[in-house]
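The values are calculated or read from the model by the stated rules, or taken from the named source; none is laboratory data. Computed from a predicted model, the values in this text were never measured in an experiment. Cβ atoms come from the backbone with ideal geometry, glycine included; neighbour counts cover every protein chain shown.
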């Protein structure tokens, strides 16, 4: 195999399926390449996991790579989420002096279905073995840091839509609340539908705007199909700028999750980047850091519906939006997140211990 011609300060990212892969982790990888390259870092992304992991580590070492980020979701590496590739690659990389970091976007499937009763503990053992090998562990969810039984640095996933323009932020608010990324796992459509139905929908032209799915896609989807309503406004999947513009124009974003709001939700980060008002939810993975955020966190379906009605009745103000935007810039801006991650991957900053 011909070695890559990159210098010794280069960083590698292991992202199976790149550049053709789709999804939040693939989108984050594209963003990291752009962000890190802007910081005078040469970034090589390796997406072919059909090669021998030891050979891949040797190729990177020969090319002068000294730091690698392993993007981890179990199903990225195998259909059932069980693969020796990440562990063997991490071992081979460390043997060649390459600093290894794993970003745990999702750890393992919960043992909530019969097929997962066996799969869940196997995936858990697989990840814990990997965590025991790498230099640094990163995850966007504090509860996962505790479950991993090791020190972990909490870094949120961040938005993959870029930065909204001033023109987007100055748009007059529309009448209809919106949902962005309607097929996100764990999005609580029961709460959303109940909240929308509890709102007096006249005179708004549509009681809900769906950003990220056409009417046909929504109706045919195995999860959202039962919640399909003809009167909702389905915008389809749009380019990043058009998506941000619609989010910024919404008077309210509805984003309740069964497991609670956490930093892994890129849709939440995208909404925060526009300063729009957001109603989300508590749950077993809920991150207490959001107690001090601009997000309205509901603890029950009734509270979610009541908060939705209350906020839709109360006009937003420019001052309040400016405060929400300031919180985003100080805490969740993707430039900040990407810089922090790069410092950990390259070992330029000591890893903070998750407690």
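Do we find a residue being in contact with a helix residue (DSSP H, G or I) (Cβ under 6 Å, 6 or more places away or on another chain) and free of Cβ contacts under 8 Å to residues at least 24 places away in the same chain anywhere in segment 285-293? No, there is no match, as no residue in segment 285-293 is in contact with a helix residue (DSSP H, G or I) (Cβ under 6 Å, 6 or more places away or on another chain) and free of Cβ contacts under 8 Å to residues at least 24 places away in the same chain. For segment 336-349, check the following and say yes or no: at least one residue is touching a helix residue (DSSP H, G or I) at 6+ places or on another chain (Cβ under 6 Å) and either surrounded by fewer than 19 Cβ atoms within 10 Å (Cβ to Cβ) or modelled with pLDDT under 95 (or both). Yes, segment 336-349 contains a residue that is touching a helix residue (DSSP H, G or I) at 6+ places or on another chain (Cβ under 6 Å) and either surrounded by fewer than 19 Cβ atoms within 10 Å (Cβ to Cβ) or modelled with pLDDT under 95 (or both).
Considering every residue within segment 181-190, establish whether at least one is in the same structural domain as residue 321 (by TED's automatic domain parsing), in contact with a helix residue (DSSP H, G or I) (Cβ under 7 Å, 6 or more places away or on another chain), modelled with pLDDT under 95 and part of a helix (DSSP H, G or I). No, segment 181-190 has no match at all. Among the candidates 29, 54, the residue that is without any contact (Cβ under 8 Å) to a residue 40 or more places away in the chain and within 29 Å of residue 119 (Cα to Cα) is uniquely 54. Take the conditions assigned by TED's automatic domain parsing to the domain that holds residue 302, surrounded by 19 or more Cβ atoms within 10 Å (Cβ to Cβ) and closer than 20 Å to residue 279 by Cβ and apply them to residue 198. Does it pass? Against the criterion (assigned by TED's automatic domain parsing to the domain that holds residue 302, surrounded by 19 or more Cβ atoms within 10 Å (Cβ to Cβ) and closer than 20 Å to residue 279 by Cβ), residue 198 does not qualify.
Filtering segment 99-122 to residues that are in a strand (DSSP E or B) and within 19 Å of residue 285 (Cα to Cα) leaves 103, 104. Restricting attention to segment 271-282, which residues are in contact with a strand residue (DSSP E or B) (Cβ under 8 Å, 6 or more places away or on another chain) and under 20 Å from residue 155 (Cβ atoms)? Matches in segment 271-282: 271, 272, 280.
The residue of segment 296-310 that is nearest to the chain's Cα centre (by Cα), among those that are surrounded by 18 or more Cβ atoms within 10 Å (Cβ to Cβ) and touching a residue at least 40 places away in the same chain (Cβ under 8 Å), is 298. Within segment 215-239, the set of residues being surrounded by fewer than 15 Cβ atoms within 10 Å (Cβ to Cβ) and part of a helix (DSSP H, G or I) comprises 216, 220, 225, 226.
Scanning segment 71-115 for residues that are more than 17 Å from residue 125 (Cβ to Cβ) and either under 23 Å from the mean Cα position of the chain (by Cα) or outside the structural domain of residue 129 (by TED's automatic domain parsing) (or both) turns up 71, 76, 79, 100, 101, 103, 105, 112.
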